[in-house]
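Read the structure below first, then the notes.
The values are calculated or read from the model by the stated rules, or taken from the named source; none is laboratory data. Here the structure is a predicted model, which means the values were calculated and not measured. Every residue, glycine among them, receives a Cβ derived from its backbone with ideal geometry; neighbour counts consider all protein chains shown.
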């Protein structure tokens, strides 16, 4: 669960548009973690595949420290990130715990075409090669996406989908995901997490992005 973010910039936030961040734990071999920003606890006991809610933060530079949950010594990751003004982002812990990375994934705010849904793909599986994201009829949605790459949003008709994750430039199917219900006038990111041919297995997470409702 996410905690209240006690930060010293309340007067500053009143003068500029606040940014919004959430945290995603996408490291397949890492235990639950606690996350601190500038020594303030912002997320506690986040399990693998767990998202926090969005919180408002002042734009600026943050020192992010990630600890095994319940500990405050020997962080598994320390990294500076910059949060621009009026930004919505998912701050993602990704990779193996021995080489953990922190990836801020910004959600671009753009108009949604009438009766469409905006989707993108985020490759966060550390042992999976570049992939193509296709429909069963062979239509390619995203092509040759490498690890830690975030694609641009594309518009699609809002309906029920089955997608296939294929090793790029091959017919090798790494994952089939049926019954993805995409509702109109919303933004979604499709996150691939887990391990190819290992445990925890490759799968996708499809949360509603904050730019669907944060104004």
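Among residues of region 33-52 that are in contact (Cβ under 8 Å) with a residue 60 or more places away in the chain and at positive phi, those with a Cβ under 7 angstrom from a residue that is surrounded by fewer than 18 Cβ atoms within 10 Å (Cβ to Cβ) and assigned to a strand (DSSP E or B), sequence gap 6+ or separate chain, pair up as 49/205. Could you tell me whether residue 130 is surrounded by fewer than 17 Cβ atoms within 10 Å (Cβ to Cβ), out of contact with any helix residue (DSSP H, G or I) (no Cβ under 7 Å at 6 or more places or on another chain) and farther than 20 Å from residue 26 by Cα? Considered against the rule, which asks whether it is surrounded by fewer than 17 Cβ atoms within 10 Å (Cβ to Cβ), out of contact with any helix residue (DSSP H, G or I) (no Cβ under 7 Å at 6 or more places or on another chain) and farther than 20 Å from residue 26 by Cα, residue 130 comes out as no.
Being over 15 Å from the mean Cα position of the chain (by Cα), assigned by TED's automatic domain parsing to the domain that holds residue 22, loosely packed, with under 14 Cβ neighbours inside 10 Å and under 21 Å from residue 43 (Cβ atoms) holds for only one residue in 85, 74, and it is 74.
Return yes when residue 176 is in a strand (DSSP E or B) and closer than 20 Å to residue 24 by Cα and no when it is not. No, not satisfied. Of the residues that make up region 148-163, is at least one outside the structural domain of residue 93 (by TED's automatic domain parsing), assigned to a strand (DSSP E or B) and free of Cβ contacts under 8 Å to residues at least 12 places away in the same chain? Within region 148-163, none of the residues are outside the structural domain of residue 93 (by TED's automatic domain parsing), assigned to a strand (DSSP E or B) and free of Cβ contacts under 8 Å to residues at least 12 places away in the same chain. Taking residues in region 110-139 that are outside the structural domain of residue 167 (by TED's automatic domain parsing) and outside any strand (DSSP E or B), and partners anywhere that are modelled with pLDDT of 95 or more and loosely packed, with under 13 Cβ neighbours inside 10 Å, not one pair has Cβ atoms closer than 8 Å while being at least 6 places apart or on different chains.
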